[in-house]
Amino acid sequence: MEKMIADGRAVLTPKGQVRLKRYLSESAGELQRILREIPASAHATELDFTRSIIPQLVSALGYAESETLYEYSVGAMRADVVLAPAVGARPWIVIEIKSSSLRLNEHSLRQLRTYMSALGSPLGMTIGRSQLAVDDGETVGLFDLANLSGADASELLGRLGRWTQSEHEIKQGRADIADLIVQVETATTNQDKGRSLEELATLLFTNAPSLHCKYRNLITRSSEIDLVVEYRGSKFDIPLFEELGRYCLIECKNWSSPVGVAPVRDFLGKLRKAKTQLGILFAKNGITGEGTGLDALREIQSAYDRDGTFLLVFSLADVKQIESGTDFIALLDQKSDSLRFDL
């Protein structure tokens, strides 16, 4: 271990956990070796094949044991293996085992596509005795295992590696945000206006690590709270929540004009009642007083100066920045600094 640390191969995370640094060329070589050995290996049953090959394969692709789920069922569909962040989450990859098949046929490939659709997975892989197929929902790539080249292994890593999942999730998250922005802009009834902005706010928080929406449209004895976000802090530390505490209240105003001082005072009252220091106001067209220091903006600054309450405002223009690639947590931090330092 000391030698690995000295060589820079074993690194410590800020929380003191040990991580082994592995280079792409090494991973590709390991993956090539595992796959090229499959045609010559002997396994009495499909279960033996799965127990022998899958742990090696998913490790070479960078997935953890906890992310490898066997005989994964949804309704009548049962996949041999899925790679997923957790039980109940949408799988990253569906894996079907066809170890008794010398060559993969059309039926096997159609079956994989069916499982991908049923489980909501963007990627699928079928492993046979001599071939491997990768399906991305549009095209199928077929690889000859006995003659798998280093370039083939690198291609498979680039499509299936664990580190690529974050890229897929980011792209999907931005697409979902774009769809909800359209709904916010085109909603006509009051019910649709409120629902669409609440859905957008919920998506932003549920996509952020360590945060989740605990309550929606919470009816209290004295008022209604659109969203209550809870910080769990186990996956990723968010400094603002570490400082201000477990809960954040969310108010959504999909109005055609800026939100004035009265709704802001009402929201500040809800924060005081809940003894919560962080509130987020999603206001489609912002608040009154921006640029002049008057009305709602002055009320928010006064509340911070008085008792340290953070009420941060996100307009639809701010959300469009996130759709374009700005990090939500970074923008949250930027807005809190603007209030804290009176920028």
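The values are calculated or read from the model by the stated rules, or taken from the named source; none is laboratory data. These numbers come from a predicted model, not from an experiment. Reconstructed Cβ throughout: ideal geometry from the backbone, glycine too, with neighbour counts over all protein chains shown.
Structure above, values below:
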item	result
Qualifying residue in the range 24-47 (condition: assigned to a strand (DSSP E or B), over 20 Å from THR126 (Cα atoms) and not hydroxyl-bearing (Ser, Thr, Tyr))	no
Whichever residue in the range 230-241 is surrounded by 17 or more Cβ atoms within 10 Å (Cβ to Cβ) and without any contact (Cβ under 8 Å) to a residue 40 or more places away in the chain and, among such residues, is nearest to THR188 (Cα to Cα)	TYR231
Of residues in the range 103-129 being surrounded by fewer than 16 Cβ atoms within 10 Å (Cβ to Cβ) and of a type in the set (Ser, Thr, Tyr), the one nearest to ALA89 (Cα to Cα)	SER117
Residue selected from the range 218-228 under the condition in contact with a helix residue (DSSP H, G or I) (Cβ under 7 Å, 6 or more places away or on another chain) and free of Cβ contacts under 8 Å to residues at least 40 places away in the same chain, by the criterion surrounded by the fewest Cβ atoms within 10 Å (Cβ to Cβ)	LEU227
Filter result for ARG306 (under 30 Å from ASP179 (Cβ atoms), assigned by TED's automatic domain parsing to the domain that holds SER196 and of a type in the set (D, E, K, R))	no
Extreme residue, surrounded by the most Cβ atoms within 10 Å (Cβ to Cβ), among residues of the range 242-264 that are among the aliphatic types (A, V, I, L, M) and not in a helix (DSSP H, G or I)	ILE250
Within the range 181-217, considering residues that are closer than 17 Å to ASN285 by Cβ and polar (S, T, N, Q), the one surrounded by the fewest Cβ atoms within 10 Å (Cβ to Cβ)	THR188
Count of residues meeting criterion [in contact (Cβ under 8 Å) with a residue 24 or more places away in the chain, buried (at least 19 other Cβ atoms within 10 Å of the Cβ) and among the hydrophobic types (A, V, I, L, M, F, W, C)] in the range 55-92	9
